[in-house]
Amino acid sequence: MPLEIVPYPHPTLRYKSKPIRKVDKALRDVVAEMFDLMYASRGVGLAANQVDIPLRMFVVNPSGTRGDGEELVLINPVIQRPKGSWQAEEGCLSLPGVFGNVMRPKEIRLSAFDLKGNPIERTVDDFLGRVLQHENDHLDGVMFIDRMTDEARRDLEGALAEFEIVRESCRQTGSVESDEAIIQRRNEWEQRYA
């Protein structure tokens, strides 16, 4: 079944993802498909739980263009040593058309592994640092709207309510999976990789 970006308020977006214990061909194929989805959606990052996979992994390319910029696959990322702060507008592929200003550290220290198990240790700042923090938040079930001020988030209440109404309507008509089916698939991913 092809991957799809799940829209807010899909339950996996609020799930704290599990660390990955092994990488196999199937997981590498998932990564390739995540890049395809990210580029097709004109994004710069995509976390595994945004495609309903409860694992600590995301892909990024700050250029947003295949063949340009730097593609990164980050497995079990850890962000530490935040320095400074700056505010900028963010959006999310799981909340299309919704944007808001978010204050984040200007510089961070990233530790992660690539698909081959090689360690990645980098100090990152500016836009790439913001993208990494945004995607890493997803792995903890945190969305950029949670990082906005109460006042700024109030401006988005109508748009967020529309997403919630659509999801509830789809649940009632049976056009989205039941929470039980989502949980069962989540458990299957975790048994295989976590």
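Checked against (1) in contact (Cβ under 8 Å) with a residue 24 or more places away in the chain; (2) more than 18 Å from Glu188 (Cβ to Cβ); (3) assigned to a loop (DSSP other than H, G, I, E, B), Glu4 passes all but condition (2). For first residues located in region 137-153 and closer than 22 Å to Leu74 by Cα, partners that are basic (Lys, Arg) and in a helix (DSSP H, G or I) and lie 6+ apart or on another chain with Cβ distances below 9 Å form the pairs Asp137/Arg147; Gly141/Arg14; Val142/Arg14; Met143/Arg14.
State whether one or more residues within region 128-149 are more than 30 Å from Ile182 (Cα to Cα) and surrounded by 14 or more Cβ atoms within 10 Å (Cβ to Cβ).
Yes, that holds for at least one residue.
Of the numbered criteria (1) touching a Gly at 6+ places or on another chain (Cβ under 6 Å); (2) at positive phi, the one Val131 fails is (2).
Tell me, which residue of region 127-180 that is under 30 Å from Phe113 (Cα atoms) and aliphatic (A, V, I, L, M) is farthest from the chain's Cα centre (by Cα)? Of everything passing the filter in region 127-180, Met148 is farthest from the chain's Cα centre (by Cα). Of the residues that sit in region 36-66 and are in a helix (DSSP H, G or I) and more than 21 Å from Arg186 (Cα to Cα), which one is nearest to the chain's Cα centre (by Cα)? Among residues in region 36-66 that are in a helix (DSSP H, G or I) and more than 21 Å from Arg186 (Cα to Cα), the one nearest to the chain's Cα centre (by Cα) is Met38.
Of all residues in region 79-98, those that are on the phi < 0 side of the Ramachandran plot and in a loop (DSSP other than H, G, I, E, B) have Cβ atoms under 7 Å from Cβ atoms of residues that are modelled with pLDDT of 95 or more and polar (S, T, N, Q), 6 or more apart or on another chain, in Leu93/Ser41; Leu93/Gln50; Ser94/Gln50. Confirm whether Ser63 is in contact with a Lys or Arg (Cβ under 6 Å, 6 or more places away or on another chain) and in contact (Cβ under 8 Å) with a residue 12 or more places away in the chain. Criteria not met by Ser63. Every residue in region 103-125 that is under 19 Å from Pro19 (Cβ atoms) and not β-branched (Val, Ile, Thr), please. Once the filter is applied, which keeps residues that are under 19 Å from Pro19 (Cβ atoms) and not β-branched (Val, Ile, Thr), region 103-125 yields Arg109, Leu110, Ser111, Ala112, Phe113, Asp114, Leu115, Lys116, Gly117, Asn118, Pro119, Glu121.
Residue-by-condition table, conditions (1) at pLDDT 95 or above; (2) touching a Lys or Arg at 6+ places or on another chain (Cβ under 9 Å); (3) among the basic types (Lys, Arg):
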site: Met143; (1), (2), (3): yes, yes, no
site: Asp146; (1), (2), (3): yes, yes, no
site: Glu151; (1), (2), (3): no, no, no
site: Ala159; (1), (2), (3): yes, no, no
site: Phe163; (1), (2), (3): yes, no, no
site: Cys170; (1), (2), (3): no, no, no
site: Gly174; (1), (2), (3): no, no, no
site: Arg185; (1), (2), (3): no, no, yes
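Taking region 162-175 as the range and being closer than 23 Å to Lys16 by Cα and without any contact (Cβ under 8 Å) to a residue 60 or more places away in the chain as the test, the residues that pass are Glu168, Arg171. Here Leu160 does not fit the description of being in contact with a strand residue (DSSP E or B) (Cβ under 7 Å, 6 or more places away or on another chain) and either surrounded by 12 or more Cβ atoms within 10 Å (Cβ to Cβ) or small (Gly, Ala, Ser) (or both).
The values are calculated or read from the model by the stated rules, or taken from the named source; none is laboratory data. Computed from a prediction, not measured in an experiment: that's the story for all the values here. In this analysis, Cβ positions are derived from the backbone assuming ideal geometry, glycine residues included, and neighbour counts consider all displayed protein chains.
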